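Each remark here refers to the structure printed beneath this line.
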Amino acid sequence: MDSKTYKPKNLKFIFTPIFFLIFSVAILLYLISLRDFLPFNNLGEYNWTNILTVAILFFFSIFSTSCLISYFLLRVVLRKEDSRELKIVCIKWALFFTLGVSFVLILNFFHILNIYWGLGILLVVIIASFVI
């Protein structure tokens, strides 16, 4: 008798972020290649449709990447047992990291905070969350 060496739910959890990552990166590459897809319109005002489109697709790509990285780090490096709780932890950390990076990029876009200072502060907050 053949026994499966994988669980179907693991494949669903792994392939869903991979699908979102490929989908969002492909659309971002297409939009960046267009000449008319700019963050400003002809009058010099913000084009919120284009900005929000890029922000949402960037959010999905960062979330998918960080979810996959955290899952593989916990499974391969730390040898955690695969369970529902592990997947929830991966999703929580991916969401935390994605919201932090998105917040830093939004502050950088509006010239409120430099990107290097923002990423440094985010790194300190992430390290402090591990210590506390």
Open item on the list: Quick check: from the Cα gyration tensor, does the chain come out rounded (a/c under 1.5), prolate or oblate?
Closed with: oblate
TODO: Give the relative contact order (percent, whole number) for segment 8-131; include only Cα pairs under 8 Å separated by 6+ residues.
DONE: 21
Task: the chain: angle of helix 48-72 to the longest principal axis, Cα-based, in degrees nearest 10 - done: 20
TODO: Could you line up Thr65, Thr16, Thr49 from fewest to most neighbouring Cβ atoms inside 10 Å?
DONE: Thr49, Thr16, Thr65
Open item on the list: Suppose the chain between Leu123 and Phe19 were pulled fully straight at 0.36 nm per residue; how much longer would it get relative to their current alpha carbon spacing?
Closed with: 34.7 nm
Open item on the list: Counting only other residues whose beta carbon sits under 13 Å from that of Phe72, what net charge do I get with K and R as +1, D and E as -1?
Closed with: +3
Task: Cα long-axis angle, helix 84-109 against the chain (0 to 90 degrees, to the nearest 10) - done: 10
TODO: Kindly rank 96-106, 110-120 from highest to lowest mean number of other beta carbons found within 10 Å of each residue.
DONE: 96-106, 110-120
Open item on the list: Compute the helix-to-body angle for 8-33: its Cα long axis versus the longest principal axis of the chain, expressed 0 to 90° and rounded to tens.
Closed with: 20
Open item on the list: What does the extension gain come out to for Lys92 and Val76, with contour length at 0.36 nm per residue minus their alpha carbon separation?
Closed with: 3.9 nm
- [ ] First measure r as the distance between the Cβ atoms of Arg84 and Ala55, then evaluate 1/(1 + (r/R0)^6) with R0 = 30 Å and state the FRET efficiency to the nearest 0.05.
- [x] 0.50
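Where a number appears in this text, it was derived from the coordinates with a stated rule and is not lab data. Because the structure is a prediction, the values reported are computed rather than measured. Glycine gets a Cβ as well: all are built from the backbone with ideal geometry, and neighbour counts include every protein chain shown.
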